[in-house]
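Q: Below are the structure tokens for one structure; questions will follow.
The values are calculated or read from the model by the stated rules, or taken from the named source; none is laboratory data. Not measured: the values here are computed from a predicted model. Quick reminder, even Gly has a Cβ in these numbers, built from the backbone with ideal geometry, and neighbours come from all protein chains shown.
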């Protein structure tokens, strides 16, 4: 069965975060939304080049059924700054119509080897419904935080 975007499902939320928890009433708490990360050190022995690291986080996707009823597959396809597709994850979900919500929380464990923007393409039945960017930067050396706030 095809999905008609005018009739649902409707995207409520798609976010990369440090942690997401579901409480006893079924509500989700999204903690520390990740939009950009700058890693680095003021240690004089820090490497000149970006050393890479392992990102451990969660990606939350929440949809409301609308008129759509039935099974669907939500997939997340990460892409590195060189536009190389990384390992995708998928989960089958069931929509029950009306205001029924489907929320998935996917663990993200990613070897970050380059600076730049990592994109997470969220697909519903192989159709892209949104892209989530995460910018990774590297800074070596001491910098006073207020220097970025000084007007030119």
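Q: Filter the range 48-65 for residues that are part of a strand (DSSP E or B) and farther than 17 Å from residue 122 by Cβ and give the result.
A: 53, 54, 55, 56
Q: Please determine, by comparing only the residues of the range 29-45 that are farther than 21 Å from residue 131 by Cβ and surrounded by 14 or more Cβ atoms within 10 Å (Cβ to Cβ), which one is nearest to the chain's Cα centre (by Cα).
A: That would be 39.
Residue by residue, here is whether (1) within 26 Å of residue 140 (Cβ to Cβ); (2) surrounded by 13 or more Cβ atoms within 10 Å (Cβ to Cβ); (3) under 12 Å from the mean Cα position of the chain (by Cα); (4) modelled with pLDDT under 95 holds:
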{"residue": "59", "(1), (2), (3), (4)": "no, yes, yes, no"}
{"residue": "64", "(1), (2), (3), (4)": "no, yes, no, no"}
{"residue": "84", "(1), (2), (3), (4)": "yes, no, no, no"}
{"residue": "87", "(1), (2), (3), (4)": "no, no, no, yes"}
{"residue": "94", "(1), (2), (3), (4)": "no, no, no, no"}
{"residue": "99", "(1), (2), (3), (4)": "no, no, no, yes"}
{"residue": "115", "(1), (2), (3), (4)": "yes, yes, no, no"}
{"residue": "125", "(1), (2), (3), (4)": "no, yes, no, no"}
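Q: For the range 1-47, give me each residue that is part of a loop (DSSP other than H, G, I, E, B), touching a strand residue (DSSP E or B) at 6+ places or on another chain (Cβ under 7 Å) and farther than 21 Å from residue 107 by Cα.
A: 1, 3, 7, 8, 9, 46
Q: Determine which member of the set 93, 73, 117, 89 is touching a strand residue (DSSP E or B) at 6+ places or on another chain (Cβ under 7 Å) and in contact (Cβ under 8 Å) with a residue 40 or more places away in the chain.
A: Exactly one of 93, 73, 117, 89 is touching a strand residue (DSSP E or B) at 6+ places or on another chain (Cβ under 7 Å) and in contact (Cβ under 8 Å) with a residue 40 or more places away in the chain, namely 73.
Q: For the range 71-82, enumerate the residues that are in a strand (DSSP E or B) and surrounded by 14 or more Cβ atoms within 10 Å (Cβ to Cβ).
A: Correct list: 72, 74, 75, 76, 77, 78, 79.
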